[in-house]
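Engineer: Mind looking over this structure? Questions follow.
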Amino acid sequence: MSTLVIKDLHVSIEDKEILKGLNLTINTNEVHAIMGPNGTGKSTLASAIMGHPKYEVTQGTIEIDGENVLEMEVDERAKAGLFLAMQYPSEISGVTNADFVRSAINARREEGDEISLMKFIRELDKTMDFLEMDQEMAQRYLNEGFSGGEKKRNEILQLMMIKPKFAILDEIDSGLDIDALKVVAKGINEMRGEGFGCIAITHYQRLLNYITPDHVHVMMQGRVVKSGGPELAQRLEAEGYDWIKQELGIEDTDAVTEEA
Amino acid sequence: MTVETKLALSATEVRSFSQSNNEPAWFGSLRAEAIEKAAELPMPTPDKTNITKWNFTEFPQHTVESAPFSSLDELSADLKEIIDIEGQENLYIQRNNTPAFLKISEELKAQGVIFTDILTAVREHSELVQKYFMTEAVKVDEHKLTAYHAALVNGGVFLYVPKNVVVEKPLQVVFLNDNADASLFNHVLVVADTNSAVTYVQTYVSTVEESNGQANLIEEVIALDNAQVTYGSVDVLAKGFTTYVNRRGHIKRDAKVDWALGLMNDSDTISESITHLIGDGSLANTKTVVVGRGEQKQNFTTEIRHWGKNSEGFILKHGVMKDSAQTIFNGIGKIEHGASKSNAEQESRVLMLSEGARGDANPILLIDEDDVMAGHAASVGRVDPIQLYYLMSRGLSKAEAERLVIHGFLAPVVTNLPIESVKNQLTKVIEGKVR
């Protein structure tokens with residue numbers, strides 16, 4: 001079992017503090033949902049864990065099995081087992097999807113122990129079938145000209161091929177129609193089990209109808225303010241966030257703009 | 001090393017060189033007149049690059065003797081990689097100034113295709129060469145360097161595809177430079193007659209550390225009505241050359257040319273590619289990729305000039321600059337009066353890999369007709385940190401992520417080269433240069 005521990009995390013972007021002391025612990029074999037109104041720092045959390053160059057961690061720790069994640073470069077974090085399915089994946093012209101995924105897999109293997117081309121192709125074909133992706137997507141340039149839904153599926157394809165210990169899904173459900181959402185959820189559910197943990201960041205309870213979380217956390221004003229089981233998500237869907245604000249005496253003061 | 005002074009070859013010497021080659025009289029006269037013009041004509045003036053201090057004229061000797069290859073087994077391992085030894089049916093190898101190997105299939109011969117070195121062609125296909133050699137596309141008296149080239153031509157290729165002949169497989173040419181004293185005045189003349197189609201791919205390979213010579217290269221592509229020419233070139237000339245390369249297309253009615261140029265010289269280089277869309281409905285696609293490194297100074301001018309109605313021209317240029325390399329990219333789309341319904345599009349992008357490198361992209365549209373379409377895009381910038389972040393978030397090292405972005409950036413030409421082995425060669429050259 002692996003554990004990702006986030007303690008007292010403070011994160012700023014361009015000198016504006018967005019996360020203000022966030023605590024979260026997640027084990028493999030668990031799915032955590034992080035919910036909350038717009039501008040409470042959910043995507044900032046995802047970017048800070050992965051090491052986005054614009055986000056500065058000013059205080060606190062992130063550890064994976066006791067290893068200090070904050071000291072790692074972005075690629076080292078990936079190799080330590082972290083994966084971020086991004087809200088807005090980059091488009092890389094001239095690099096095919098297939099070549100990229102193979103490079104990513106081989107980056108985790110020793111030189112001389114690269115995945116064989118045949119084995120890779122078999123696995124890629126199988127996974128693309130599973131995600132109901134057109135085979136020609138493998139030879140298209142990475143995310144270039146992909147629709148929003150295709151990009152999200154492509155993130156899940158990479159996730160399934162790379163098989164990280166912890167996946168963070170940054171609003172994987174936004175902009176998806178219901179069929180695409182089901183496919184994405186099918187991918188996540190396939191990954192669930194020993195050796196895989198997941199943080200699903202979302203505005204909407206809808207995703208959680210397909211991916212049942214073990215734990216639900218509510219973020220407001222840069223902190224986790226309430227945690228519970230799946231029933232918490234259902235109550236949020238039915239009643240919104242106001243009751244939490246009232247319960248905890250939170251006032252809408254400095255809601256920040258969510259960063260892309 | 002003996003260095004000849006400026007234009008040391010006199011008209012008499014040029015004539016006697018011509019005679020020793022058994023060239024027809026017209027070619028001897030063309031050379032002799034050209035050397036006289038070269039003395040008087042001004043230098044070309046590439047926009048935004050000052051070449052007044054560049055040495056384009058001095059060299060150790062006009063021609064060097066090299067041993068031909070009696071079989072492809074004699075080629076070095078590097079050269080063998082560029083050629084599909086088994087599969088390539090039509091191949092010409094020039095070693096410095098010596099025609100070193102020629103293979104042409106019986107099928108092409110029977111169809112009347114001429115594929116041979118330029119000086120043999122001048123002797124054996126005199127009338128045909130005389131009709132097109134520096135008459136329609138490039139003119140002898142454009143400036144000092146075109147005249148100098150005409151006077152001193154010492155290598156190159158003639159390719160003629162007769163009417164209605166479609167050559168299915170690409171023809172391949174390798175210009176090997178393995179003598180540091182060699183100067184290359186290579187002339188490539190491709191004539192695709194009416195309704196014909198051909199794919200020509202050439203590679204320049206220098207194995208010398210540093211050359212003492214000149215490279216003054218002129219390549220002419222004449223596509224007659226409804227002909228289609230695909231022209232690929234990978235240039236890897238060594239440091240030390242002063243390179244002037246002039247590629248010119250002359251495209252007639254409904255004809256089409258596709259250029260895929262991987263310009264990877266380590267020499268200072270002035271490159272000019274101009275395609276004239278003469279006929280109505282003609283089309284040119286010019287794709288160029290460049291990598292500059294070291295102290296290199298380069299100027300790349302790509303122009304498509306529209307004369308025919310409904311003509312279409314597309315220019316794509318991508319350049320990567322590192323170290324202290326300086327490069328100017330001039331892209332010109334010119335639509336002449338009368339070329340209505342034409343379309344001139346261009347895109348120039350420069351990726352800077354180091355602080356000391358300089359790159360300028362200058363898109364220019366000159367339009368003398370109302371009813372046309374035109375567009376341009378240009379950018380100069382660094383590797384996008386967000387792209388790197390994305391790639392690294394999947395476990396790729398920063399170096400590998402950069403490598404992928406750069407390869408992707410140069411892919412438009414790599415993927416368009418029609419010979420797999422040349423494609424691999426370009427990929428390898430890029431790899432070596434951007435590392």
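The values are calculated or read from the model by the stated rules, or taken from the named source; none is laboratory data. The shown structure was predicted, so the numbers you read here are calculated from the model rather than taken from an experiment. Cβ: placed from backbone, ideal geometry, glycine included. Neighbour counts: every protein chain shown. The accessibility values were calculated without ligands, DNA or RNA, using every heavy atom of the protein model including side chains. Shrake-Rupley method; radii C 1.70, N 1.55, O 1.52, S 1.80 Å.
Engineer: In the neighborhood of B:Asp371, defined by Cβ-to-Cβ distances under 10 Å, what is the net charge if each Lys or Arg adds +1 and each Asp or Glu adds -1? Don't skip to the answer; put the middle values down first.
Structural biologist: Working: positive: B:Lys309, B:Lys341; negative: B:Glu369, B:Asp370.
Local charge sum for B:Asp371: 0.
Engineer: Also, I was wondering about something else. Once you treat every alpha carbon in the range A:147-260 as an equal point and sum by Debye, what is log10 I(q)/I(0) at q = 0.14, 0.22 Å⁻¹?
Structural biologist: -0.65, -1.31
Engineer: What residues in the range B:390-413 lose 30 Å² or more of accessible surface when the other protein chains are added to their chain alone (1.4 Å probe)?
Structural biologist: With the partner chains in place, the range B:390-413 has these residues losing at least 30 Å²: B:Tyr390, B:Leu391, B:Met392, B:Ser393, B:Arg394, B:Gly395, B:Leu396, B:Leu404, B:Gly408.
Engineer: A follow-up question, please. How would the range A:1-77 be classified by its alpha-carbon gyration tensor: rounded, prolate or oblate, with rounded meaning a/c under 1.5 and the a/b versus b/c comparison settling the rest? Write out the running numbers ahead of the final one.
Structural biologist: Working: a/c = 1.82, a/b = 1.22, b/c = 1.49.
The shape class here is oblate.
Engineer: With every protein chain kept in place and ligands, DNA and RNA left out, what is the accessible area per residue of chain B? Probe 1.4 Å, answer in Å². Walk me through the numbers on the way to the answer.
Structural biologist: On the way: 16210 Å² over 435 residues.
Roughly 37 Å² per residue, with all protein chains present.
Engineer: Taking only protein heavy atoms into account and a 1.4 Å probe, give the accessible area per residue of the range A:78-123 in Å². Spell out each step's value before the answer.
Structural biologist: Values: 2190 Å² over 46 residues.
Per residue, the range A:78-123 has an accessible area of 48 Å².
Engineer: Using a 1.4 Å probe over the heavy atoms of the protein chains, calculate the carbon and sulfur portion of the accessible area of chain A as a whole percent. Before the final figure, lay out each step's value.
Structural biologist: Details: 5030 of 11390 Å².
Solvent-exposed carbon and sulfur of chain A make up 44 percent of the total.
Engineer: Would you calculate the convex hull of the Cα atoms in the range A:90-225 and tell me its volume per residue in Å³? List each step's numbers first, then the result.
Structural biologist: Values: hull volume 18.5 nm³, N = 136.
Taking only Cα atoms, the range A:90-225 has a hull volume of 136 Å³ per residue.
Engineer: Carbon and sulfur together cover what percent of the accessible area of the range B:179-291 at a 1.4 Å probe radius?
Structural biologist: Values: 820 of 2260 Å².
Heavy-atom surface of the range B:179-291 belonging to carbon and sulfur, 1.4 Å probe: 36 percent.
Engineer: Sum up the charges of everything whose Cβ sits under 11 Å from the Cβ of B:Ala11, counting Lys and Arg as +1 and Asp and Glu as -1, but leave B:Ala11 out.
Structural biologist: Around B:Ala11, the charge tally is 0.
Engineer: With a 10 Å cut-off between alpha carbons and a GNM built on chain B, which of B:Ser342, B:Ser16, B:Ser282 moves the most?
Structural biologist: B:Ser16
Engineer: Report the GluC sites (Glu not before Pro) located in the range B:267-307 that are in a DSSP loop and have at most 12 other Cβ atoms inside 10 Å of their Cβ, or state none.
Structural biologist: Those satisfying the criteria are B:Glu295.
Engineer: Right, here's the next one. Please go through the residue pairs B:Lys131/B:Lys252; A:Lys54/B:Lys317; B:Lys48/B:Lys256 and name each one whose alpha carbons sit more than 24 Å apart in this structure. Write out the running numbers ahead of the final one.
Structural biologist: On the way: B:Lys131/B:Lys252 16 Å; A:Lys54/B:Lys317 31 Å; B:Lys48/B:Lys256 30 Å.
Beyond 24 Å between Cα atoms: A:Lys54/B:Lys317; B:Lys48/B:Lys256.
Engineer: Springs between alpha-carbon atoms under 10 Å, Gaussian network over chain B: tell me which of B:Gln172, B:Gln19, B:Gln202 tops the mean-square fluctuations.
Structural biologist: B:Gln19
Engineer: So which aspartates and glutamates pass the test for B:Lys109, namely a Cα distance under 18 Å, with those fewer than 8 places away in the same chain ruled out?
Structural biologist: B:Glu89, B:Asp117, B:Glu124, B:Glu168, B:Asp193
Engineer: Between beta-carbons, use under 15 Å as the cut-off and find the net charge around A:Leu9, counting Lys and Arg +1, Asp and Glu -1.
Structural biologist: Working: positive: A:Lys7, A:Lys20, A:Lys42, A:Arg77, A:Arg223; negative: A:Asp8, A:Glu17, A:Glu56, A:Glu63, A:Glu71.
In short, 0.
Engineer: Projecting each Cα onto the charge dipole of the protein assembly as shown (Lys/Arg +1, Asp/Glu -1 at the beta carbon, about the Cα centre), which of B:Val221, B:Gly112, B:Pro412 comes out farthest on the positive side?
Structural biologist: Sorting the options by dipole projection puts first B:Gly112.
Engineer: Using only Cα atoms, locate the centre of the range B:152-166 and the centre of the range B:75-140, then give the distance between them in Å, rounded to an integer.
Structural biologist: When both Cα centres are located, 7 Å separates them.
Engineer: Taking every alpha carbon pair in the range B:247-394, what does the distance histogram look like in 5 angstrom bins from 0, in percent?
Structural biologist: 2, 10, 19, 19, 16, 12, 10, 7, 4, 1, 0
Engineer: Quick one: grab Rg to one decimal and Dmax as a whole number for chain B, Cα atoms only, in Å.
Structural biologist: Cα radius of gyration and Dmax of chain B are 21.0, 68 Å respectively.
Engineer: Please identify, among B:Lys48, B:Lys239, B:Lys398, the residue showing maximal mean-square fluctuation in a Gaussian network model of chain B using a 10 angstrom Cα cutoff.
Structural biologist: Checking each option, the largest mean-square fluctuation is seen for B:Lys398.
Engineer: Would you please name the trypsin sites (Lys or Arg not before Pro) within the range A:95-176 that are DSSP coil residues with at most 12 other C-beta atoms within 10 Å of their C-beta? It would help to have the intermediate numbers written out before the result.
Structural biologist: On the way: sites: A:Arg102, A:Arg108, A:Arg109, A:Lys119, A:Arg122, A:Lys126, A:Arg140, A:Lys151, A:Lys152, A:Arg153, A:Lys165; in loops: A:Arg108, A:Arg109, A:Arg140, A:Lys165.
Here the sparse-neighbourhood loop sites are A:Arg109.
Engineer: Going by alpha carbons, how many degrees (0 to 90, nearest 10) lie between the helix axis of A:178-191 and the longest principal axis of chain A?
Structural biologist: Result, in degrees: 80.
Engineer: Considering only DSSP beta bridges where both residues belong to the protein assembly as shown, give the percentage that are antiparallel (nearest 5).
Structural biologist: On the way: 35 of 184 bridges.
Roughly 20 percent of the beta bridges in the protein assembly as shown run antiparallel, per DSSP.
Engineer: Then there is this: Suppose R0 equals 41 Å; then what is the FRET efficiency for B:Lys139 and B:Lys341 from their Cβ-Cβ distance, rounded to the nearest 0.05?
Structural biologist: 0.90
Engineer: The range A:173-245 to the range B:226-240: how many Å between their Cα centroids?
Structural biologist: Cα centroid of the range A:173-245 versus Cα centroid of the range B:226-240: 56 Å apart.
Engineer: Okay, moving on. Any chance you could check the range A:87-103 for residues losing 50 Å² or more of accessible area when the partner protein chains are in, compared with the chain on its own (1.4 Å probe)?
Structural biologist: Listed by number, the residues meeting the 50 Å² cut-off are A:Ser90, A:Ile92, A:Phe100.
Engineer: Could you state how much accessible area is buried at the B-A interface, both sides summed, with a 1.4 Å probe, in Å² to the nearest 100?
Structural biologist: Numbers: alone 17250 and 12280 Å², together 27590 Å².
The B and A chains share an interface burying roughly 1900 Å².
Engineer: Evaluate the Debye formula for chain A with equal point scatterers sitting on the alpha carbons, no solvent, and hand back log10 of I(q)/I(0) at q = 0.16 Å⁻¹, in q order, two decimals.
Structural biologist: Relative scattering, expressed as log10 I(q)/I(0), comes to -1.27.
Engineer: Now for a different question. List the GluC sites (Glu not before Pro) in the range A:164-194 that DSSP assigns to loop (not H, G, I, E or B) and whose Cβ has at most 10 other Cβ atoms within 10 Å. Which are they?
Structural biologist: On the way: sites: A:Glu171, A:Glu190, A:Glu194; in loops: A:Glu171, A:Glu194.
Loop-located and lightly packed - A:Glu194.
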